[in-house]
Amino acid sequence: AQTVTQSQPEMSVQEAETVTLSCTYDTSESDYYLFWYKQPPSRQMILVIRQEAYKQQNATENRFSVNFQKAAKSFSLKISDSQLGDAAMYFCAYSKAGTALIFGKGTTLSVSS
Amino acid sequence: GAGVSQSPSNKVTEKGKDVELRCDPISGHTALYWYRQSLGQGLEFLIYFQGNSAPDKSGLPSDRFSAERTGGSVSTLTIQRTQQEDSAVYLCASSFHLGGSYNEQFFGPGTRLTVL
């Protein structure tokens, strides 16, 4: 069975600094997708970034980028130039095409000014 | 356009009562998912509907939980004889399913269920 592990329950960063959230996963599949979701106190899950496993190039979305290491089954999220609005719970997730998401336990990110 | 909506936003019930939670997916989305978010278990998959296919119920924790999707649109998650451990946020997501390719799941705001 596939599993997703986030080993950092809480992280903190100062405004304008960079922070990296860690995620590892376990699967025997070769074709799959990885995601980072953000959940602010409003509870609304927001997709931050996704990575297709068949792509070697790391995904980037503005200030958010990932470090995808397929052999190591590692998928970390880097947030650059952190902003107060980045404070939220971040979930790493895995799925095959057209299947349910498997989530990690989440990392609570706090941002201080 | 309208996103995924869920009702009620919050529900407080007494142990042993039945509850119904509603999800309105994005119009035209063929796939609908229910997840549960609780303090102890994190985010867990419950059930998945795709078009007219039989639903994937593999995540339902007990036979007290059931769900249906009428007319390929609105879905209702029913919890019978609620227990305190059912207290959680229930999230619904929908996507436009194209077989074999990635389809983003769009989430609703969730229903917070509290069982006293």
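The values are calculated or read from the model by the stated rules, or taken from the named source; none is laboratory data. Predicted model only: the values in this text are computed from it and were never measured. Ideal geometry is used to build each Cβ from the backbone, glycine not excepted, and the neighbour counts take in all protein chains shown. SASA here: full protein model, heavy atoms, side chains in, ligands and nucleic acids out. Shrake-Rupley method; radii C 1.70, N 1.55, O 1.52, S 1.80 Å.
Miscellaneous remarks
- Share of alpha-carbon pairs per 10 Å distance bin for region B:30-72, given as whole %: 27, 52, 18, 2
- Two-decimal log10 I(q)/I(0) for the protein assembly as shown, as the Debye equation yields it once each C-alpha is a single scatterer, q = 0.11, 0.15 Å⁻¹: -0.56, -1.03
- Applying a DSSP loop filter and a limit of 11 other Cβ atoms within 10 Å to the GluC sites (Glu not before Pro) in region A:1-102 leaves A:Glu29.
- For chain B, a simple Cβ point-charge model (Lys and Arg +1, Asp and Glu -1, everything else neutral) yields a dipole of about 180 debye relative to the Cα centre.
- The phi-based Karplus calculation (6.51 cos²θ - 1.76 cosθ + 1.60; θ = phi - 60°) puts the 3J(HN,Hα) values of region B:26-41 at 5, 4, x, 6, 8, 10, 9, 10, 10, 10, 10, 10, 10, 4, x, 10 Hz, whole numbers, x for Gly and Pro.
- Averaged over peptide A:41-49, the number of partner chain Cβ atoms lying within 10 Å of each residue's Cβ comes to 4.
- Share of carbon and sulfur in the accessible heavy-atom surface of region A:1-60 [1.4 Å probe, %]: 42 percent
- Options B:Gly16, B:Ala67, B:Leu46, ranked by Cα towards positive dipole end of chain B, top entry (Cβ charges): B:Gly16
- Mean-square fluctuations from a GNM of chain A, with a 10 angstrom spring cutoff on Cα atoms, peak among A:Thr24, A:Thr60, A:Thr99 at A:Thr99.
- Residues along region A:94-113 losing 30 Å² or more of accessible surface when the other protein chains are present rather than the chain by itself (probe 1.4 Å): A:Ala97, A:Gly98, A:Ala100, A:Leu101, A:Phe103, A:Lys105
- Debye equation applied to the C-alpha atoms of chain A, log10 I(q)/I(0) at 0.09 Å⁻¹: -0.21
- In region B:14-116, chymotrypsin sites (Phe, Trp or Tyr not before Pro) in a DSSP loop with at most 16 other beta-carbon atoms within 10 Å: B:Phe96, B:Tyr102
- Remark: mean inter-chain Cβ contacts per residue of B:103-113 equal 4, using a 10 Å Cβ-Cβ cutoff to other protein chain atoms.
- Rolling a 1.4 Å probe over the heavy atoms of the protein chains gives chain A an accessible area of 49 Å² per residue.
- Entry note: chain B has Rg to Rh equal to 0.96, where both radii use alpha-carbon atoms and Rh is the Kirkwood radius.
- Cα centroid of region B:46-61 to Cα centroid of region A:6-29, whole Å: 30 Å
- Probing with 1.4 Å while keeping every protein chain in the model, the per residue accessible area of chain B equals 48 Å².
- Neighbour-limited loop hits for trypsin sites (Lys or Arg not before Pro), region A:12-113 (at most 14 other Cβ within 10 Å; DSSP other than H, G, I, E, B): A:Lys55, A:Arg63
- Hits among aspartates and glutamates - C-alpha to C-alpha of B:Lys15 under 15 Å, sequence gap 8 or more where chains match: B:Glu85, B:Asp86
- Solvent-accessible area buried by pairing A with B, both sides, nearest 100 square angstrom, 1.4 angstrom probe: 1700 Å²
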